[in-house]
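Here is the structure we will look at, set down as structure tokens.
The values are calculated or read from the model by the stated rules, or taken from the named source; none is laboratory data. Every value quoted in this text rests on a predicted model; they were computed, and no experiment measured them. Counting neighbours? That spans all protein chains shown, and the Cβs are built from the backbone with ideal geometry, glycine included. Heavy atoms of the whole protein, side chains included, go into the accessibility calculation; ligands, DNA and RNA do not. Shrake-Rupley method; radii C 1.70, N 1.55, O 1.52, S 1.80 Å.
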Amino acid sequence: ASQAISASIMKSQSSSGDGASQLLSLKKKEADCIGSGLVDKIGTDQLKQYKLLTKDNKAGQDVTQVKMSKGDAESATDVLFGCTDVPGMMKKAMNSSGQVPAAMQDCVNKALSDEALRGMFTHVFQGNEEQAKKDLIQPMMKCANPNAG
């Protein structure tokens, strides 16, 4: 089961989607860690209910399409952060996107704090894409316009 999830993570990265999975460039080892972490923390039965796994433990839908309970979303976020340097990857992705002016990079890097990103990914795993975007964009808007309140 954990291998199926790992394979699904690697596959979703190589497809040219957008959203959270594009900001993280995971190595196979990290995907394996996430796969086994999700199986350990959430369990195969629950992962099947979320359709991350099929009945025969094959990869189900993309992890970014899942709608988990808040508790499981928090567990999934813990697994993700435990397996890989999420803040580091997000900062690297943002700074290399060319969309962040040099003068704003420090502010943006601070906005991409561990705590802020955990909140964002917890929303992603709950299928709450809109709230996740707000969690990410609002602090960055303050970087662009510090006087906006």
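Can you bin the chain into rounded, prolate or oblate? Criterion: square roots of the alpha carbon gyration tensor eigenvalues sorted a ≥ b ≥ c, rounded for a/c under 1.5, prolate for a/b above b/c, oblate for the rest.
Note, shape of the chain comes out prolate.
Cα gyration tensor of region 85-149, axes a ≥ b ≥ c as square roots of the eigenvalues: rounded (a/c below 1.5), prolate (a/b > b/c) or oblate?
Values: a/c = 2.06, a/b = 1.35, b/c = 1.52.
Note, shape of region 85-149 comes out oblate.
Pairs with C-alpha atoms separated by more than 23 Å, drawn from the list 67/133; 11/142; 41/110; 27/58; 11/48, are 11/142; 41/110.
For residue 40 and residue 96, FRET efficiency with R0 = 41 Å and r from the beta-carbon atoms, rounded to 0.05?
Working: r = 33 Å, r/R0 = 0.80.
With a Förster radius of 41 Å, E is 0.80.
Rolling a 1.4 Å probe over the protein heavy atoms gives the chain an accessible area of 55 Å² per residue.
With respect to the chain, whose longest principal axis is taken over its alpha-carbon atoms, helix 86-96 is tilted by about 50°.
The apolar share of the surface of the chain, taken as the fraction of accessible area on carbon and sulfur atoms (1.4 Å probe, ligands and nucleic acids excluded), comes to 51 percent. Bridgeable aspartates and glutamates around residue 29 (alpha carbons under 15 Å apart, same-chain partners fewer than 8 residues away excluded): 85.
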